[in-house]
Amino acid sequence: MIDLGAALPTALSRLDKLPDGAVLELLTFKRDRGVAVRKVGAGFEVREFGYRDETATEDRPGLKKRLKTILKREFPRSNKVHLRERRTEGR
């Protein structure tokens, strides 16, 4: 678990190092809401689940803004988040 304030910079640095097809998940304490980011070539597939269920494709410059918006929406009262890396996507 990491602090919510450190989640965005930590996630962005880890996403740069991920191999293609790998997934980085940011989850609430109960793990019932969050965001999963899968690296696809030079872009990223962002899947939000919880308050909203939607999937979008972003390039690296647009990823930071989208993640910041999602973190505010999905983690409104959280202080800590789970950060998990997976080689394949799944819950």
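Using R₀ = 22 Å, calculate the FRET efficiency as 1/(1 + (r/R₀)^6) where r is the Cβ-Cβ separation of Arg66 and Lys30; round to 0.05.
0.40
Between Arg77 and Asp16, what length in nm is gained on full extension when 0.36 nm per residue of separation is reduced by their alpha carbon distance?
The Arg77-Asp16 span can extend by a further 19.2 nm.
When only DSSP loop residues count, what trypsin sites (Lys or Arg not before Pro) in the stretch 20-58 have their Cβ near at most 13 other Cβ atoms within 10 Å?
Lys30, Arg31, Arg52
I'd like to know which of Ala36, Asn79, Val46 lies farthest towards the positive end of the charge dipole of the stretch 11-91, counting +1 on Cβ of Lys and Arg and -1 on Cβ of Asp and Glu.
Asn79
With N residues in the chain, what two-decimal value do you get for its Cα radius of gyration over 2.2 N^0.38 Å?
0.96
Let me confirm the definition first: pairs of Lys residues in the stretch 1-85, 8 or more apart or on different chains, C-alpha distance under 21 Å. How many are there?
Value for the stretch 1-85: 15.
Give the residue list of chymotrypsin sites (Phe, Trp or Tyr not before Pro) in the stretch 23-57 that are DSSP loop and have at most 16 other beta-carbon atoms within 10 angstrom.
Taking the stretch 23-57 and a limit of 16 other Cβ atoms within 10 Å, the loop chymotrypsin sites (Phe, Trp or Tyr not before Pro) found are Phe29, Tyr51.
What is the helix-to-structure angle for 4-17, meaning the angle in degrees between its Cα long axis and the longest Cα principal axis of the chain, kept from 0 to 90 and rounded to the nearest 10?
Once rounded, one gets 10 degrees.
Taking the Cα centre as origin and putting +1 on Lys and Arg beta-carbons and -1 on Asp and Glu beta-carbons, what dipole magnitude results for the chain, to the nearest 20 debye?
I would put it at about 280 debye.
Report, in degrees rounded to the nearest 10, the 0 to 90 angle that the Cα long axis of helix 60-74 makes with the longest principal axis of the chain.
Once rounded, the angle reads 20 degrees.
Counting Lys +1, Arg +1, Asp -1, Glu -1, what net charge surrounds Ala42 among other residues with beta carbon under 14 Å of its beta carbon?
-2
None of the figures in this text is laboratory data; all of them are computed from the coordinates on show. If you're wondering where the values come from, they're calculated on a predicted model, not measured in any experiment. Note that each Cβ is placed from the backbone with ideal geometry, even for glycine, and that neighbours are counted across all protein chains shown.
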